[in-house]
Amino acid sequence: MDSLKIENLTVTVNNKIILKDFNLEIKSGEIHAIMGPNGTGKSTLTKVIMGDPTYKIKKGKIFLNNQDITKMPVDQRARLGIFLGMQLPYEIEGVSNADFLRTALRSKDENFKLYSFIKELDQKVKDLKMNPDMIHRGINEGFSGGERKKNEILQMHILKPKIVLLDEIDSGLDVDSLKIVGNSVMDYYKEKKPAILLVTHYQRLLDYIKPDFVHVMDCGHIVKSGDASLVKEIEKFGYDKIKKSSETKLEETKINE
Ligand code: ADP
Ligand code: MG
């Protein structure tokens, strides 16, 4: 069983506190949804877990299976099985999707088999109803918002992570693509039982991917946690009421990095 534990994490960017004393533990087989107003640090949280050096960790630690990974570089975290499907996936010219995935797999799997890789890639491209050319194009080069999101899910299937972070994977998807992506994530979940941390604004994604835990984030930390029924509460009352009922406030004061 795998566990990702975030302990008292305080994170800054440009001397501004973004995450403050943040705590969360996610384990294999659990689906956690993080919701909350814009600009509260949800994407920052996912990027910090992945090891993005833009963000400075001032305090606290991140553990994967009791190993302290707080200072570990991104590529090592990826090899240990952490995966981030980004809110705004980057475009990388000159490296094709297929090359990228093949290189990533080779670096972590000594028993890499080219034939099975190609077969699996073709199958997943079909399942996700992606254009087959896309695997030979530069990563996300000229892809629409929805195609980029599908491409993130394709990477997840091929890389087979244990800890899956999905940041607004539903944004930019039309209703049909949302269903394909939602069901595709659930298929992966049923097969591999990873830990999933999902950032979303909408119930519509959670109709497909059913969370065990829902957390509302505001001002850099979790202000309320509950089960899936919390989503209905948010839709009915909005974040404001949930925010007001919590006493947390993030200091606006800048601190020195
Ligand atoms: P959310 O995903 O909850 O909408 P983010 O984590 O993207 O929020 O951003 C939280 C806050 O941190 C915002 O005020 C945002 O402008 C700021 N922020 C995030 N990344 C950077 C960055 N690289 N440089 C400057 N400010 C940033
Ligand atoms: Mg975000």
How far apart, in nm, are the 7 Å Cα→Cβ label points at Asp207 and Val175? 0.8 nm
For the range 36-146, the dipole about the Cα centre with charges only on Cβ (Lys and Arg +1, Asp and Glu -1), to the nearest 20 debye, works out at 560 debye
Taking the inverse of the average 1/r across all pairs of different Cα atoms in the range 155-214, what Kirkwood radius in Å do you get? 11.7 Å
Using a Gaussian network for the chain with springs between C-alpha atoms less than 10 Å apart, which of these wobbles most: Lys210, Lys119, Lys58? Lys119
Where the convex hull is taken over the Cα atoms of the range 118-257, what is its projected area averaged over directions, in nm²? 11.2 nm²
Rounding to the nearest 20 debye, state how big the charge dipole of the range 118-257 is about its Cα centre with +1 on each Lys and Arg Cβ and -1 on each Asp and Glu Cβ. 360 debye
Nearest 10 degrees is fine. How inclined is helix 97-108 to the longest principal axis of the chain, computing both from alpha carbons? 80 degrees
Test of understanding: what is the full-extension gain from Val74 to Ser116, defined as 0.36 nm times their sequence separation minus their Cα-Cα distance? 12.5 nm
Subset of Lys59/Lys160; Lys108/Lys193; Lys42/Lys71; Lys149/Lys236; Lys47/Lys241; Lys56/Lys160 violating a 23 Å alpha-carbon distance limit: Lys59/Lys160; Lys149/Lys236; Lys47/Lys241; Lys56/Lys160
What residue among Gly81, Gly238, Gly145 shows peak mean-square fluctuation when the chain is described by a Gaussian network model with Cα springs under 10 Å? Gly238
Taking all protein chains in place and a 1.4 Å probe, what share, in percent, of the accessible surface of the chain do carbon and sulfur account for? 50 percent
For the chain, the Debye formula with one identical point scatterer on each Cα and no solvent gives log10 I(q)/I(0) at q = 0.11 Å⁻¹ as -0.60
Per residue, accessible area of the range 34-153 with a 1.4 Å probe, heavy atoms of protein chains only, in Å², comes to 53 Å²
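The values are calculated or read from the model by the stated rules, or taken from the named source; none is laboratory data. Values in this document were obtained by computation on a predicted structure and should not be read as measured data. When we count neighbours, we look across all protein chains shown, and the Cβ atoms used for this are built from the backbone with ideal geometry, even at glycine. Protein only, heavy atoms only, side chains kept; ligands, DNA and RNA dropped before computing areas. Shrake-Rupley method; radii C 1.70, N 1.55, O 1.52, S 1.80 Å.
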